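Student: Quick one: the structure is below, questions incoming.
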Amino acid sequence: MKKIAIYPGSFDPITNGHIDIIKRAANIFDKVIVLISHNPSKSPTFAIGREALTKEALKDLGNVSVDLWDGLLVDYVRKVEACAIIKGLRAVTDFEYEFQMALTNKALYDGAETVFLTASTENMYLSSSMVKQIARFSGDVSQFVPECVETELKELYKLCQH
Ligand code: PNS
């Protein structure tokens, strides 16, 4: 049976930090599904374009696909019979929140394990919100995001400034 892992997140937008985690997960599992999920405590900037943008950024990765899900993460995990939920950890500050989610997901559905992958050192500080802040003030984000995301960010904040 194929080992499927789900990598859920807001991906608003996807960064090189996410892509690093996805590539490493794709080396471990047969298939990785990047699941653009609803985080009730955030309202997405790329509400409409996120799926297409994420797909474009990951198009070269053979065993990686992208899906959109509005419901509970564990319901999707159960539906596709995934065996793992992937989470990237950057710093100690991520841990408490992620640990709480992992335990809650486990209580809701026992059929999958949360697997934590540590961010590589160059991505330790990287976050989508930081990238958006840099782009908003016309800073250079080329080292933090794939080219397609950089283009979208430029477009988005160019429109905002007019
Ligand atoms: O990138 P984020 O915003 O930190 O990702 C958080 C996300 C989307 C993975 C989390 O909010 C989530 O799992 N949302 C789906 C709804 C759900 O299952 N919530 C219960 C988690 S314990």
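Student: Please list, ordered by chain and number, the residues whose modelled amide H lies under 5 Å from the amide H of Ile6; skip anything fewer than 5 residues away on the same chain.
Tutor: Residues meeting the criterion, in which the H sits 1.01 Å from N, are Ile33, Ala84, Ile85, Ile86.
Student: Just to be sure I understand: with springs between alpha-carbon atoms less than 10 Å apart, which residue in Pro40, Pro146, Pro13 has the highest mean-square fluctuation in the Gaussian network model of the chain?
Tutor: Pro40
Student: With +1 on the Cβ of every Lys and Arg and -1 on the Cβ of every Asp and Glu, and nothing else charged, how large is the dipole of the chain about its Cα centre, in debye rounded to the nearest 20?
Tutor: 100 debye
Student: For the chain, build the convex hull from the C-alpha positions and give me its volume per residue in Å³.
Tutor: Dividing the Cα hull volume of the chain by its residues yields 111 Å³.
Student: With all pairs of different alpha carbon atoms counted, what Kirkwood hydrodynamic radius in Å does segment 52-113 show?
Tutor: Final number for the Kirkwood radius of segment 52-113 is 13.5 Å.
Student: Any chance you could check the Cα centroid distance between segment 75-122 and segment 1-37 for me, in angstrom?
Tutor: Comparing the Cα centres of segment 75-122 and segment 1-37, I get a distance of 11 Å.
Student: Quick one: what Rg and Dmax do you get for segment 96-162 from the alpha carbons, in Å?
Tutor: Rg then Dmax for segment 96-162, in Å: 17.0, 50.
Student: In what sequence do Phe137, Phe95, Phe11 fall when counting other Cβ within 10 Å, fewest first?
Tutor: The most exposed by this proxy come first: Phe137, Phe95, Phe11.
Student: Which residues among segment 63-83 fall inside the zone where the amide N is under 12 Å from a point 7 Å beyond the Cα of Asp30, along Cα→Cβ?
Tutor: Once the point is set 7 Å along Cα→Cβ of Asp30, 81-83 turn out to lie under 12 Å by backbone N, inside segment 63-83.
Student: Also: With a cut-off of 8 Å between alpha carbons and a minimum separation of six or more residues, what is the relative contact order of the chain in percent?
Tutor: Result for the chain is 28 percent.
Student: Regarding segment 1-96, what are the three Cα extents along the principal axes, ordered largest first, in Å?
Tutor: 37, 30, 29
Here, each number is a calculation from the coordinates, and none is a lab measurement. All figures in this text were calculated on a predicted structure; none of them were measured in a lab. In this analysis, Cβ positions are derived from the backbone assuming ideal geometry, glycine residues included, and neighbour counts consider all displayed protein chains.
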